[in-house]
């Protein structure tokens, strides 16, 4: 949301089926799909946590004094607190490849 306010486009991730639907429009042969879920808690990785917390602070600083974005700033502070308390782990991923027809 901070990116949108700053005029930067931000695209959300797509659900699995949406990705497959998009690929079908490319007319690929031999489509293979690999789903992976790395069950790794990054909460003890000081470098990752430092990067995420610094990035969060950077985004929050962009809207800190803008009254019209007070709710967004509050939400960002709550997310930062949750990151500190609960940590973070990898999200599920999907890799898809195929051959041009």
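The values are calculated or read from the model by the stated rules, or taken from the named source; none is laboratory data. Worth saying up front: this structure is predicted, and the values here are computed from it rather than measured. Neighbour counts run over all protein chains shown; Cβ positions are idealised from the backbone, glycine included.
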Selection from the stretch 80-100 of residues surrounded by 11 or more Cβ atoms within 10 Å (Cβ to Cβ) and touching a residue at least 60 places away in the same chain (Cβ under 8 Å) yields 94, 96, 97, 98
Item checked: Test result for residue 97, out of contact with any strand residue (DSSP E or B) (no Cβ under 8 Å at 6 or more places or on another chain) and closer than 30 Å to residue 25 by Cβ -> no
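Yes/no per residue for (1) at pLDDT below 85; (2) not in a helix (DSSP H, G or I):
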| site | (1), (2) |
| --- | --- |
| 9 | yes, yes |
| 13 | yes, yes |
| 18 | no, no |
| 23 | yes, no |
| 35 | no, yes |
| 38 | yes, yes |
| 44 | yes, yes |
| 51 | no, no |
| 54 | no, no |
In the set 52, 67, 26, 77, the lone residue that is free of Cβ contacts under 8 Å to residues at least 40 places away in the same chain and within 23 Å of residue 14 (Cα to Cα) is 52
Would the stretch 70-88 turn up any residue that is at pLDDT below 85 and assigned to a loop (DSSP other than H, G, I, E, B)? yes
